[in-house]
2 protein chains.
Amino acid sequence: MTRKVTFYPYEVTVEVPDGENLLRAALEAGVHVNATCGGEGVCGKCRIILESGELDSRQTDLLDAQDWDSGYRLACQSRVESDVSVRIPQESLLDRRILTRHRPRVTLRSSPIDLDAVKAAGLYHPAFEKRFVRIPPPTPSNNICDLSRLEDALTHQHDLHNITLDFHLLPKLGRVLRMNDFQITTTLDFSRRRYRFPHLLNVEPGDTTRRHFAFAMDIGTTTVWVKLIDMARGEIVGRDADYNGQIKYGDDVITRIIYSEKEGGLEALQKAVAATINRLMKRVLSQYRISVDEISHITLAANTTMTHLFYGIDPRYIRLSPYTPTACSIPLARARDLGLEMPPHVFINCVSSVASYVGGDIVAGVLASGIYKDPRLTLFVDIGTNAEIVLGNEDWLACAACSAGPAFEGGGIRFGMRAVEGAIEDVRINPHTHEPMIITIEMSRPRGICGSGLINLLAALLESGLLQPNGRLRDDVETPRIRTGENGREYVLVHARDTDMGQDIVLNEADIDNLMRAKAAMFAGYVTLLDNVGLTFQDIEQVILAGGFGSTINIENAIVIGLLPDLERSRFQFVGNGSLQGATLLALSRELLAEERRVATMMTNLDLSEVPGYMNNYVAALFLPHTQMEYFPTVVERLRGNRNHAV
Amino acid sequence: MTRKVTFYPYEVTVEVPDGENLLRAALEAGVHVNATCGGEGVCGKCRIILESGELDSRQTDLLDAQDWDSGYRLACQSRVESDVSVRIPQESLLDRRILTRHRPRVTLRSSPIDLDAVKAAGLYHPAFEKRFVRIPPPTPSNNICDLSRLEDALTHQHDLHNITLDFHLLPKLGRVLRMNDFQITTTLDFSRRRYRFPHLLNVEPGDTTRRHFAFAMDIGTTTVWVKLIDMARGEIVGRDADYNGQIKYGDDVITRIIYSEKEGGLEALQKAVAATINRLMKRVLSQYRISVDEISHITLAANTTMTHLFYGIDPRYIRLSPYTPTACSIPLARARDLGLEMPPHVFINCVSSVASYVGGDIVAGVLASGIYKDPRLTLFVDIGTNAEIVLGNEDWLACAACSAGPAFEGGGIRFGMRAVEGAIEDVRINPHTHEPMIITIEMSRPRGICGSGLINLLAALLESGLLQPNGRLRDDVETPRIRTGENGREYVLVHARDTDMGQDIVLNEADIDNLMRAKAAMFAGYVTLLDNVGLTFQDIEQVILAGGFGSTINIENAIVIGLLPDLERSRFQFVGNGSLQGATLLALSRELLAEERRVATMMTNLDLSEVPGYMNNYVAALFLPHTQMEYFPTVVERLRGNRNHAV
């Protein structure tokens, strides 16, 4: 359900989802409300007056009883519960002019997997199942071994034949059978299609069919994500993320590979990521009070280098021409053999990679987004520590890796950070005062800027006229927000006193260069890939964006800075962490699992560095949004419009 | 080739294999030559005079030049190289009368696997093969992953499709491919029939197809045997055996099971046997200078309890009614996961068991002896720490375990020992003087008596009249060889001065009781099993005897004491360690490997303790050879004959 919020004195109305935070609604509306604390509710500056409608507002010490009775509320502490009218009082009003002309909402939320839709489509059909069995106890006249007895029961009660199993199951089988009078729950793996037979993973006493969990996992170069899935109900229990423990050995895949070549390096890297995973899984399990023994399996998606390192496979040939990975499809592996603190029945399914720089994370994203079975021409863009793009439809898929670097994950950006609590995720800059308005994740004190914050900041600087299309900050505008710091010219986004770490949060020109190089590499990738198949941007019917930007991405702003092509906004979709979503869907759908290898094989990799035109395309894109402005008609118009009322 | 040896003054001639030891030939001939050192050549008492023919004799200090020139030789230091005539001089002649009337040779040597016959029968077709592959190196235009490249090469060069593999192979794949210009040798496992596809186990640089080895292993309750097989040539490289390290936790399966139920007991037992195996394998590999990396797999046969303990499977239900093993067929297991010091590519194939007391060792023996495909009715008898019997032919197989105990492996016998160096393996007793003549394994100083020695000793005592059919030593015969020791009446086989440990080697009445109980349990088993299927001894066309008696067993003597049925001697065959032989054949023949589970399933187990008549049959057999002498017509005649000229 959406609600209308009208801001006075601007008389600007926006539609927002029910329950939306009022500060965020103001930002969407282009209405500048003073808020330096990122929304934490401690600065008390974002006071508004409720004129009509219902807000769910927290009462704080920053508002006395008289204020409250007069309708004063803190915007950051208010949620929209009906259509409302609010007035920005003089003291909260930095400037009477609104920030930008209001434009349609183009902020996309990452779409969590719609499990109801998955179920409706008949895709909730996990390859891992628990089955309850009643086994006739042995007698002197029928004392065949426990295992044969169990196999017979599975055959008769569940029509399962030729079951295979692992010897690790046997040590406890006799005991488990006798704990609850030969009534047990079996965990079966139907994913070993290649081997034709159901594989018996685990046995538990009694009926535990309702207690069945699994992990999906995304090992990113920077961040490791785990998601705990309730397999019995087809629901997500929870998730958690942390920095990949390998970071201390290098920020990107190349430095990690170089480190792996040192004596003991590969082992150190393997252990580091295993430690991260162990910590994460333990944390999630304990948070939701689930025993590790209730986990049936792990589905993993990761880029090719991360996959090699996690499995302890020497990755050096990934870095050396002709850039050959050792293996794109990794066989099932026992989690314990890789240092994960899991019972022996837990195996890891790893999503296949395509090539050295297009990994299983991208294949998982392609699977999650369904483009491999979609007739529409789709551009899939995954922005992580590197960026990979996929173009195609149900008939063909071409892909490429762009050497974009980790800028949009915050890497190489002085105050860049992961999309976690305290990261600035939304920014508007008042074109008249040059003052910013920020919102942080979890509305905590600002600590840095995440990917979506960087996109929004760059766009805001450009739209406010403070940033020139060549990436230089204006030196002819008189504002204390622009200064020359030790790293060159910079824009001061948050003053030290309002931050979490007592240091100004700034974006400097070196940061901007990094962001421009990243987006240029990507845009050049789109152009090169399209050229390669003889298509143009106008042929693209759908753009799917994946990446760890946070929970939202402002598509308008991403287009403004030239990170995404200037297409009709309705064609865009943001799936968040596509790798993790793909891994999750694979856990829930055996049909998808069966497709996984085929889809990886279907994806034709294009090595951009080998394509003659790529470098030209790259250089042409080193401009905001682009040197060839005809690629960005709506941006041209918009920047022109903004300039009319700005500065 | 056989040679004739004629002994004077007896004028007795025997045929012996070319190269036979002369002392052994004398013993076969029933000619008593004085030899108290077991054949070590240190007592110098077994002097003989060569009258004609060729002996290969070692010259020793115990014969001076004059003796040598006169034709004197030590029998124990001489090998028969042609037909020979030898004379026993007066001083070596304890008694002019020969020991027993000469009778046809019925000592069976354990028949090593006739690998030429295996090859001629087309059965030398190991499920594990090495294949050399030349792989086109990657180029910028074809940089698919190493693994796909290898799979393609195996498809094109060896017509292998849908290869599976283990992730443990991947860490080294890239390096191995590049060590010898993408020419490698692959080790493939074609035994995973159930999974339809060849399984890639290992890769090595260059062409190593001629270096391919495997282990066959028999884990006995008392003794662990390993055999090193040259898979590339289909030859046995060597073998070794040692006491099962679990012995310190109990002598038999029941005490081991009880120990396994203690806290940490199962783990201790698993580690103990793994340590024994590691030591043995290391010893054999180092003896033959073979690297452990050249081992492709291990084939294991063992009884059901030993199998459970080795795999760490709780064995307690084996001991509790209704005596249910946890698993009769154990899935493939990585050797390393069981504590064996092997590279990760080495897996263990375990021969299936039939029931709690008829294990994979017996199934292996049945496979090795071929009775499952033989139209003749066969009785298969395996005497180890327990005794198991199988009756049947190509159409049906029935089996049973006899609670025979370890007596014929030397267990529960004061001076019993394993069939290793220094074990007395052949004995004759002069019926006139009651003096024994002994031969030890490796002709070393006597240290104890092995299984075949016990059979021969018991028979010799019975035939010499010193032992009565009820198991009592005669107390009315005046001889210093029979005396009353601290454990009752005993026969002194070797005086302390002639032993290795300065202690008289004796057989006492308690020992005799144990041996009688063991053979009675077995004979009662034969009778019960035959009764159960409505057959009699006369229907048996073949008797196959397996067990760790040493390299030979005297069938005549085994019949004399009632351990084996009194059938035509030509029907008997001795296969030695049937379990180890079966494991060896399984390593060499994929056809046999494919039959293994079917044969185990084909064997119907009879629980003797549940059969009402068994106890009567047992009590009836507690006599030498048996209370019903009609079972033993030739023995009756023979004992009567001996008595005529004895005492």
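Using alpha carbon centroids, what distance separates region A:121-195 and region B:155-229, in Å?
Taking the Cα centre of region B:155-229 as reference, the centre of region A:121-195 is 31 Å away.
Restricting to region B:215-350, what percent of DSSP beta bridges are antiparallel, rounded to 5?
60 percent
Note down the relative contact order for chain A as a percent, whole number, built from C-alpha pairs under 8 angstrom at least six residues apart.
It rounds to 14 percent for chain A.
For region A:356-647, just say rounded, prolate or oblate: build the C-alpha gyration tensor, square-root its eigenvalues into a ≥ b ≥ c, call rounded for a/c under 1.5, and beyond that prolate if a/b exceeds b/c, oblate if not.
Cα axes put region A:356-647 in the prolate bin.
Arranged by the count of other C-beta atoms within 10 angstrom, fewest first, what order do A:Met179, B:Met522, A:Met306, B:Met1 take?
Least to most surrounded, the residues fall as B:Met1, A:Met179, B:Met522, A:Met306.
Could you work out [θ]222 nm for chain B from helices alone, using -39500 (n - 2.57) per DSSP H run of at least four and dividing by all its residues? Round to the nearest 500 deg cm²/dmol.
Estimated from H runs of four or more residues: -8500 deg cm²/dmol.
Magnitude of the Cβ-charge dipole of region A:214-305, K/R +1 and D/E -1, about the Cα centre, nearest 20 debye?
Once rounded to the nearest 20, the dipole reads 220 debye.
Enumerate by residue number the trypsin sites (Lys or Arg not before Pro) in region B:224-306 meeting two conditions: DSSP loop (anything except H, G, I, E, B), and at most 10 other Cβ atoms within 10 Å of the site's Cβ.
Sparse-neighbourhood loop trypsin sites (Lys or Arg not before Pro): B:Arg289.
Could you pull the copy-to-copy label distances for B:Lys282, with points set 7 Å along Cα to Cβ, in nm to one decimal and sorted shortest first?
Nearest first, the other copies' label points are 3.3 nm away.
Just to be sure I understand the model, the point goes 7 Å from the Cα along the line to the Cβ. What's the resulting A:Glu630 to B:Arg497 distance in nm?
Here the answer is 12.0 nm between the modelled labels.
Distance from the Cα centre of region B:298-321 to that of region A:583-612, in angstrom?
Value for the Cα centre distance between the two parts: 45 Å.
Give me the angle, in degrees from 0 to 90, between the Cα long axis of helix A:633-645 and the longest principal axis of the Cα atoms of chain A, rounded to the nearest 10.
It is inclined by approximately 40 degrees.
By how many degrees, between 0 and 90 and to the nearest 10, does the Cα long axis of helix B:265-287 differ from the longest principal axis of chain B?
The angle comes out near 90 degrees.
Could you name the aspartates and glutamates in cross-link range of A:Lys45, using Cα to Cα under 15 Å and dropping any fewer than eight places away on the same chain?
A:Asp61, A:Asp64, A:Asp67, A:Glu91, A:Asp95, A:Glu435, A:Asp498
Sort largest first and round to whole Å: the equivalent ellipsoid semi-axes of region A:215-329, each the square root of five times a Cα gyration tensor eigenvalue.
Computed over region A:215-329, the values are 29, 14, 11 Å.
Using +1 at the C-beta of Lys and Arg and -1 at the C-beta of Asp and Glu, which of A:Thr255, A:Val346, A:Asn386 has the Cα lying farthest in the positive direction of the dipole of the protein assembly as shown?
A:Thr255
Bin by bin, in steps of 10 Å, what percent of the Cα pairs in chain B do you find, going until the bin that has the longest distance?
It works out to 3, 15, 23, 23, 18, 10, 5, 2, 0, 0, in whole percents.
Quick check on the exposure proxy: order A:Asp426, A:Asp539, B:Asp207, A:Asp252 from fewest to most C-beta atoms within 10 angstrom.
A:Asp539, B:Asp207, A:Asp252, A:Asp426
Largest first and in whole Å, give the semi-axes of the protein assembly as shown's equivalent ellipsoid, each being the square root of 5 times a Cα gyration tensor eigenvalue.
86, 31, 24
Roughly what angle does helix A:451-463 make with the longest principal axis of chain A, taking Cα atoms, 0 to 90 degrees, to the nearest 10?
Roughly 20 degrees between the two axes.
Which net charge results for the neighbourhood of B:Ala364, defined as the other residues with beta-carbon distances under 13 angstrom from its beta-carbon, given Lys and Arg at +1 and Asp and Glu at -1?
Overall, the nearby charge balance is -4.
If we hang a label 7 Å off Cα along the beta carbon direction at A:Met179, how far is it from the matching labels on the other copies, in nm, shortest first?
4.5
Of A:Lys119/A:Lys227; B:Lys172/B:Lys227; A:Lys130/A:Lys271; A:Lys172/B:Lys262, which sit over 25 Å apart, Cα to Cα?
Listed pairs above 25 Å: B:Lys172/B:Lys227; A:Lys130/A:Lys271.
Filter the GluC sites (Glu not before Pro) in region B:164-263 to those in DSSP coil with at most 16 other Cβ atoms within 10 Å of their Cβ, and list the result.
Passing both the DSSP loop test and the Cβ count: B:Glu261, B:Glu263.
Taking loop as defined by DSSP and a crowding limit of 16 other beta carbons within 10 Å, which GluC sites (Glu not before Pro) in region B:407-478 fit?
Those satisfying the criteria are B:Glu421, B:Glu478.
Please compute the average number of Cβ atoms from other chains found within 10 Å of each residue's Cβ in peptide A:349-359.
What the average comes to for A:349-359 is 1.
On average, how much area does the Cα convex hull of region A:530-618 cover when viewed from any direction, in nm²?
Over all viewing directions, region A:530-618 projects a mean Cα-hull area of 7.6 nm².
Shortest first, in nm, what separates the label point of B:Ala594 from those of the same position in the other copies (7 Å along Cα→Cβ)?
Output for B:Ala594: 2.8 nm, nearest copy listed first.
Region B:524-581 to region A:514-543: how many Å between their Cα centroids?
For region B:524-581 versus region A:514-543, the Cα centre distance is 83 Å.
Coordinate-derived values only; no laboratory data. Predicted, not measured: the structure shown is a model, and the values here were computed from it. As a convention, Cβ positions derive from the backbone with ideal geometry for all residues, glycine included, and neighbour counts pool all protein chains shown.
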